[in-house]
Amino acid sequence: AMVAARASDTGGKPQQVDVAVVGAGFAGLYLLHRLRKAGLNAVALEEADDVGGTWYWNRYPGARCDIQTIDYSYTFDPELEKAWTWSEKYATQPEILRYLGFVADRYDLRRDIRFKTKVKEATWDDASERWLITTSNGPAVSSRHYIMATGCLSAPKPPEIEGVGDFRGEIYFTGRWPHEGVNLAGKRVAVIGTGSSGIQSIPLIAEQAAHLTVFQRTPNFALPAHNGPAPADRLGLLQGDRAAYREQARQSMTGVPYPQQTVVSWQLSDAERRERFERAWAAGDLVHILTQLWADQGVDVDGNKIVQDLIREKIRAAVKDPETAAVLMPDDHPFGAKRPCLDTNYYATYNRPNVTLVNLRQEPIKAITASGIATGKRNIDVDVIVFATGFDAMTGAIKAVHPITGRSGKSLSDVWAHGPESYLGLTVAGFPNFFMITGPGSPSVLSNMAVSIEQHADWVVDRLAALRDQGFTTMEATDKAQAGWAQHMADCSMVTLHRLANTWYTGANVPGKAQGVMPYCGGVGPYRSICDEVVSRGMLGFKLT
Ligand code: FAD
Ligand code: N01
């Protein structure tokens, strides 16, 4: 009866499909394509008025990818790869958005996407073995399967600072930047936050604004992107044997085809380490510097500290004022334990006369006032405040659909009250026929997401097709399998340094959020093998009915 009541709230009969997908970003688009090819009829529900997801919303100045674009692309269709050429090593947001639009058109995906449609609630009905999904716009959807491709960096964090409503100037969020752009000429601008979004936008905002004040709480490691054309060596590898290059990415630790480094730091002399570091610094490649220096850099604090020291040296050299340089030097987390940033002129921006850095560790923000920002020490008047304060990552967009009600009336938020639990990062016990793409428990954000998204979507669609072909109607993770996955997740994270930093990977950036390393730390290739093994062992850990 409850289900029927909700359907009638939308004022019409629910739309009947095999599969409901939420989101039309990188993941939702590929899912639609694969579902259609598997003969399953599907609809994607998307809050925005166009495709693109991350690349639709994040239009701030300087927005780009930080995985080389030849790697950060779909790989499912060699013809698609031939039909599109990236103009740069790291494409800009407008170019990536054009690419996703191109993909949507090429595979005629838009006809199955309902735009400007936010999903509000989802309820499993045991009797009919279907999900009922209510929306902000148009009919509800009744589906056999429910896939959340809602993104792990798609729910911006609220400002969390007192007095935002009092401010008389303009306020912007990097993750919701106005489509028409913002004219900052002649204005006094504040940027709060020095994560990837802040670090990409600060140099360009500084060029436009009369004055820029950067409010930094925790300094971050940033590396020069050295953007330009795609590097000849990487392009050569790709073009030499495209299939082998893509396969190596799928089997790699990070989703980018680099070999596993085996030499450890103490087998190298100072000079050899420096030589490796300088080569990596000059390459302008996040994955290279994170994985190719020495094997212990990501697993051992001493091996890691050597990298940190070398980067701090670079910061000291780039920033003229020694006090400012000291404030910019990260000192509270291992390199790589928090997502490092790729920058263009970031540190040099602090040499400009129109840029000031405020160290919030010494003078925390007390409040936002009518005219600007008040710290413990002073009032700083500004015309514009830019929040580059990040996202309620990995679980934010999933929990925003509330409630998601599974078997026996249990809601996902309640089940996850002490932190997200899953099996393979893709499914949750008690929630039949429910799937998450790059959710907590997936390698997602510790990888080239394009590779993880394709793997997740392929695995899920193949399972749905197999289920249908074998005459089953439901699949659900067992509690035991889920507990085993939690243990395996914890074991994997113990051998990395991620647990030693307070970051959005661990939930530490959102006040009150449950703490724990959310992404799977065991690597993309090993993760893929596990997912394949689950299938080859007769859907190990799943109940099929
Ligand atoms: P998204 O692109 O986030 O799409 C999710 C969609 O779901 C959104 O369009 C959203 O509107 C919609 N949605 C969510 N909730 C609802 C709801 N309730 N109802 C209806 N619609 C809903 N990853 C990399 O691997 N390399 C990079 O270089 C890289 N750069 C990044 C740069 C930025 C600025 C950011 C923020 C992230 C970056 N990422 C990068 C991560 C990036 O999010 C992923 O690579 C990828 O784009 C995610 O695709 P997705 O489809 O899973 O999610
Ligand atoms: O967000 P973040 P982001 N008062 O959470 C500060 C991807 N991405 O949007 O560290 C004051 O990293 C916060 O300080 P602290 C990428 O995966 C990629 O920049 O919590 N300050 C931090 O400095 C990335 O990791 C690209 O002390 C506050 C900053 O705001 C992820 O998205 C570009 C505050 C937030 O940094 C998120 O990046 C952009 C407060 N109340 C994003 N709250 C590429 O380059 C937060 N901060 C590809």
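The values are calculated or read from the model by the stated rules, or taken from the named source; none is laboratory data. Nothing here was measured: the structure is a model prediction, and the numbers come from that model. Note: ideal-geometry Cβ built from the backbone for every residue, glycine included; neighbour counts use all protein chains shown.
For (1) of a type in the set (D, E, K, R); (2) within 25 Å of Leu464 (Cα to Cα); (3) away from ligand 2 (no atom under 16 Å from the Cβ), each residue gets a yes or a no:
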{"site": "Val43", "(1), (2), (3)": "no, yes, yes"}
{"site": "Glu46", "(1), (2), (3)": "yes, yes, yes"}
{"site": "Asp50", "(1), (2), (3)": "yes, no, yes"}
{"site": "Gly53", "(1), (2), (3)": "no, yes, no"}
{"site": "Tyr60", "(1), (2), (3)": "no, no, no"}
{"site": "Tyr74", "(1), (2), (3)": "no, yes, yes"}
{"site": "Glu81", "(1), (2), (3)": "yes, no, yes"}
{"site": "Thr92", "(1), (2), (3)": "no, no, no"}
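The set of residues in region 21-71 being more than 21 Å from Met148 (Cα to Cα) and not β-branched (Val, Ile, Thr) consists of Arg59, Tyr60, Pro61, Gly62, Ala63, Arg64, Cys65, Asp66, Gln68, Asp71. Taken across region 402-418, residues that are of a type in the set (Gly, Ala, Ser) and over 23 Å from Trp485 (Cβ atoms) do occur, with at least one present.
Quick one: how many residues across region 442-474 are more than 16 Å from ligand 2 (Cβ to nearest atom), under 28 Å from Thr545 (Cβ atoms) and within 25 Å of the chain's Cα centre (by Cα)? Outline the logic, then answer.
Restricting attention to region 442-474, the residues satisfying the condition of being more than 16 Å from ligand 2 (Cβ to nearest atom) are 454-474.
Cutting the leftovers down to under 28 Å from Thr545 (Cβ atoms) gives us 455-474.
Adding the requirement that they be within 25 Å of the chain's Cα centre (by Cα) leaves 455-463.
Within region 442-474, residues that are more than 16 Å from ligand 2 (Cβ to nearest atom), under 28 Å from Thr545 (Cβ atoms) and within 25 Å of the chain's Cα centre (by Cα) number 9.
Of the residues making up region 459-474, one or more are away from ligand 1 (no atom under 15 Å from the Cβ), surrounded by fewer than 23 Cβ atoms within 10 Å (Cβ to Cβ) and on the phi > 0 side of the Ramachandran plot.
Within the option set Gly193, Gly240, Gly198, being farther than 23 Å from Trp281 by Cβ, near ligand 2 (Cβ under 10 Å from one of its atoms) and among the small types (Gly, Ala, Ser) holds for one residue only, Gly193.
Of all the residues that make up region 404-427, how many are in a helix (DSSP H, G or I), among the aliphatic types (A, V, I, L, M) and away from ligand 1 (no atom under 16 Å from the Cβ)? Steps first, please.
As a first pass, look at region 404-427 and keep what is in a helix (DSSP H, G or I): 407-409, 412-415.
Still in the running and among the aliphatic types (A, V, I, L, M): 412, 415.
From what's left, away from ligand 1 (no atom under 16 Å from the Cβ): 415.
Looking only at that region, the number is 1.
Of the strands (runs of 3 or more DSSP E) lying entirely inside region 428-545, those carrying at least 3 residues that are within 25 Å of Gly53 (Cβ to Cβ) are 434-436. Quickly run through region 279-334 and pick out the residues that are surrounded by fewer than 17 Cβ atoms within 10 Å (Cβ to Cβ) and without any contact (Cβ under 8 Å) to a residue 40 or more places away in the chain. Across region 279-334, the qualifying residues are Arg279, Asp302, Lys305, Asp309, Glu313, Arg316, Ala317, Lys320, Asp321, Pro322, Glu323, Ala326. Can we say Ala91 is of a type in the set (Gly, Ala, Ser), in contact (Cβ under 8 Å) with a residue 12 or more places away in the chain and in contact with a helix residue (DSSP H, G or I) (Cβ under 7 Å, 6 or more places away or on another chain)? Here the answer is no, as Ala91 does not meet what is asked. Taken as a whole, region 88-101 holds no residue that is surrounded by 21 or more Cβ atoms within 10 Å (Cβ to Cβ), farther than 28 Å from Gly198 by Cα and either among the β-branched types (Val, Ile, Thr) or modelled with pLDDT of 95 or more (or both).
None of Ile365, Ile404, Ile373 is touching a strand residue (DSSP E or B) at 6+ places or on another chain (Cβ under 7 Å), hydrophobic (A, V, I, L, M, F, W, C), under 30 Å from Asp309 (Cα atoms) and surrounded by 15 or more Cβ atoms within 10 Å (Cβ to Cβ) except Ile365.
Return yes or no: is Arg106 surrounded by fewer than 23 Cβ atoms within 10 Å (Cβ to Cβ), more than 26 Å from Val182 (Cα to Cα) and of a type in the set (D, E, K, R)? Reasoning before the result, please.
Numbers: surrounded by fewer than 23 Cβ atoms within 10 Å (Cβ to Cβ): yes; more than 26 Å from Val182 (Cα to Cα): yes; of a type in the set (D, E, K, R): yes.
Here the answer is yes, as Arg106 does meet what is asked.
The set of residues in region 33-55 that are of a type outside the set (A, V, I, L, M) and either farther than 16 Å from Cys152 by Cβ or near ligand 1 (Cβ under 6 Å from one of its atoms) (or both) comprises His33, Arg34, Arg36, Lys37, Gly39, Asn41, Glu46, Glu47, Asp49, Asp50, Gly53, Thr54.
Residues checked against (1) under 26 Å from Ile315 (Cα atoms); (2) at pLDDT 95 or above:
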{"position": "Ala210", "(1), (2)": "yes, yes"}
{"position": "Thr218", "(1), (2)": "yes, yes"}
{"position": "Leu223", "(1), (2)": "yes, yes"}
{"position": "Gly228", "(1), (2)": "yes, yes"}
{"position": "Leu238", "(1), (2)": "no, yes"}
{"position": "Glu247", "(1), (2)": "no, yes"}
{"position": "Ser252", "(1), (2)": "no, yes"}
{"position": "Val256", "(1), (2)": "no, yes"}
{"position": "Pro259", "(1), (2)": "no, no"}
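Against the test of being among the aliphatic types (A, V, I, L, M), at pLDDT 95 or above and over 22 Å from Gly430 (Cα atoms), the options Val535, Val524 yield a single qualifying residue, Val524.
Selection of strands (runs of 3 or more DSSP E) fully inside region 274-386 by the criterion of at least 1 residues being within 30 Å of Arg188 (Cβ to Cβ) and charged (D, E, K, R) returns 341-343, 365-368, 379-381.
The rows are residues; the columns are (1) touching a residue at least 12 places away in the same chain (Cβ under 8 Å); (2) among the hydrophobic types (A, V, I, L, M, F, W, C).
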{"residue": "Thr344", "(1), (2)": "yes, no"}
{"residue": "Val355", "(1), (2)": "yes, yes"}
{"residue": "Arg361", "(1), (2)": "yes, no"}
{"residue": "Gly372", "(1), (2)": "yes, no"}
{"residue": "Arg378", "(1), (2)": "yes, no"}
{"residue": "Ser408", "(1), (2)": "yes, no"}
{"residue": "Asp414", "(1), (2)": "no, no"}
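Within region 132-151, being closer than 14 Å to Pro14 by Cα, surrounded by 15 or more Cβ atoms within 10 Å (Cβ to Cβ), within 14 Å of ligand 1 (Cβ to nearest atom) and of a type outside the set (Ser, Thr, Tyr) holds for Ile133, Ala140, Val141. Considering each residue of region 57-72 in turn, at least one proves to be under 18 Å from the mean Cα position of the chain (by Cα), in a helix (DSSP H, G or I) and either among the basic types (Lys, Arg) or more than 21 Å from Leu235 (Cα to Cα) (or both). Checked against the criterion of being of a type in the set (Val, Ile, Thr) and within 16 Å of ligand 1 (Cβ to nearest atom), the candidates Ile192, Ile161, Ile171, Ile205 yield just one match: Ile205.
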